[in-house]
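The structure under discussion appears below in the form of structure tokens.
The values are calculated or read from the model by the stated rules, or taken from the named source; none is laboratory data. Computed from a predicted structure; not experimentally measured. All Cβ positions, even for glycine, are placed from backbone atoms using ideal geometry, and neighbour counts span all protein chains on display. What goes into the accessible areas is simple: the full protein's heavy atoms, side chains included, and nothing from ligands, DNA or RNA. Shrake-Rupley method; radii C 1.70, N 1.55, O 1.52, S 1.80 Å.
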Amino acid sequence: LKSWEELDYLSLDGNCIDNEGAQLLAETLDTVKIRRLSLNRNQISKEGLSCILSSQNARYLTSLMISNNGDIGSAEIDEIARFLRHGSSSLELLEVGNYRQYFLIRWIETIYRSIRNNMTLSKLRIFAGSLHDPMDKEASRKAISCRLDHAAAALVCDSSSIDAFCRSNHTFSGVELTEARLSVRYAPSPVVRLAFKINERGDISTERKIRCKLHSIYFHGDFDIVPFYAMKLVWIPQVLEFFAGFEQHRDSAEETKGGSLTHAGSLSDLYYFIRRWNFPELFTFALPTRAS
């Protein structure tokens, strides 16, 4: 392998690779750029995983598949989270888990927190015998689904504030959670599914994704009005013209001065307009001016 400078795909599935073998692979990754690496069904634990993810060229990985590698625990998940948070600049697909054991919900939450600012990872595949500790008798399937959806919403469409919403992840487009025992695939809620769909669009910029989410998700629910107090909106002329007609149609207070139109619509009129405007790319928010 060291004779290659770059390799698109390397599969070492089911080769009984242990931590010592992982260390040898890490030495290869110091000299060879591998784009897609599959290490499923081996015997790699935290030490071997750390060697691989700390190698010089690990940052060039676009796909990493490490499922069914012996028992997975918090140490392995923390190592993966560290890589996603600090070492990964190219990873688009991550596959992890083990059909022979459970996968704790808090491990998924740990991965989600680590990719909050990750702008490359788009897909996460998790395999597990069950998605909770089998000793936890209180974990109902509904509770597990709600917790998963809450974690996903906090990642891709955090509506706690306008700032948190705009700083959400706008790249991650889906998680596949499969339990071997019941063959269950968890479906996200309509809001999270919509956010995933917008994130999945590769033909638009991050800024436009944010605008689409603001229009489709944030302004359609209960939102914090404080950041918009005294904030100016920047409109293109066509939108301003449409807004004028909209105000006339709703019998808003208007007065004509010297051939120009002066609007005296209320703040509620503005929000009514934004909520129903179908082309968020035609306007943007200027920097807020907060009242003291």
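Please tell me the relative contact order of segment 55-196 in percent, rounded to the nearest whole number, where contacts are Cα pairs under 8 Å and at least six residues apart. Across segment 55-196, relative contact order equals 23 percent.
Taking the radius of gyration and the Kirkwood hydrodynamic radius from Cα positions alone, what is the Rg/Rh ratio for segment 4-107, to two decimal places?
Result: Rg/Rh = 0.93.
With all protein chains in place and a 1.4 Å probe, the accessible surface of segment 1-102 carries 45 percent carbon and sulfur.
Here's how it looks for residue 131: its modeled amide H is under 5 Å from those of 103, which are all 5 or more places away or on a different chain.
Compute, for segment 35-112, the length of the dipole vector about the Cα centre, with Cβ point charges of +1 (Lys, Arg) and -1 (Asp, Glu) only. Units Debye, rounded to 20.
Magnitude of the dipole: close to 180 debye.
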